[in-house]
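The values are calculated or read from the model by the stated rules, or taken from the named source; none is laboratory data. This is a predicted model, so every value here is computed, not measured. When we count neighbours, we look across all protein chains shown, and the Cβ atoms used for this are built from the backbone with ideal geometry, even at glycine. Areas reflect the complete protein model, heavy atoms only, side chains present, ligands, DNA and RNA absent. Shrake-Rupley method; radii C 1.70, N 1.55, O 1.52, S 1.80 Å.
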Amino acid sequence: SLYLQAASKERSLKASASQAAKQARQDTQKEQLLSAAAGRQEQLQEAMSLLSSEAAGELSARHNAVVQRLRISARDEVVAHEAGYYCTLDWTWQDSSQRRKATSRGLGASKRQAKGEAMRVMLSEQGFGG
């Protein structure tokens, strides 16, 4: 009887130790996930456009002037994003005998800021300042 009690206590201790180890693993995983989420949020804040609404409007006017003057087909798509809005801007144009295409992206708190950032990046990458 004493042997059975000891064996039962040993099994109970092993089960408790196993449960504690499982809980520690879960706590570690939770900490890692929270840390990764915080890092992701920092990355998003760094990537966010800091353009004012007025600056975004000026970029839009400059972008439209370039597009019209050079006969570039510009298409943008703005979608909701966890940080605000995300814009993809596509340019297509004919260069001599070659059809060309360029894409830029922007992230902003508003649709206007996201589009402005995408236009700023495109103008800069294509050599028009920005």
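Please give the FRET efficiency for residue 88 paired with residue 19, using the beta carbon to beta carbon distance and R0 = 35 Å, rounded to the nearest 0.05. Once rounded, the FRET efficiency stands at 0.10.
Normalised radius of gyration (Cα atoms, divided by 2.2 N^0.38 Å) for the range 1-100: 2.37. The accessible-area ordering, largest first, of the residues 33, 89, 50 stands as 50, 33, 89, per a 1.4 angstrom probe. Using a 1.4 Å probe on the protein chains only, how many percent of the accessible area of the chain belongs to carbon and sulfur? Accessible surface attributable to carbon and sulfur in the chain totals 49 percent. From the P(r) of the range 76-130, can you give the percent of Cα pairs sitting at distances over 19 Å? In whole percent, the long-distance tail amounts to 31. Full extension of the chain between residue 102 and residue 29 gives 22.2 nm of extra length, using 0.36 nm per residue less the Cα-Cα distance. Using just its DSSP H runs of length 4 or more, each adding -39500 (n - 2.57), the chain gives a mean residue ellipticity at 222 nm of -21500 deg cm²/dmol after division by all residues.
Among the protein heavy atoms, those of residue 12 account for about 70 Å² of accessible surface (1.4 Å probe, every chain in place).
Solvent-accessible area per residue in the range 20-124 equals 66 Å², computed with a 1.4 angstrom probe and all protein chains kept. Computed on the range 10-130, with alpha-carbon pairs under 8 angstrom and 6+ residues apart, the relative contact order is 22 percent.
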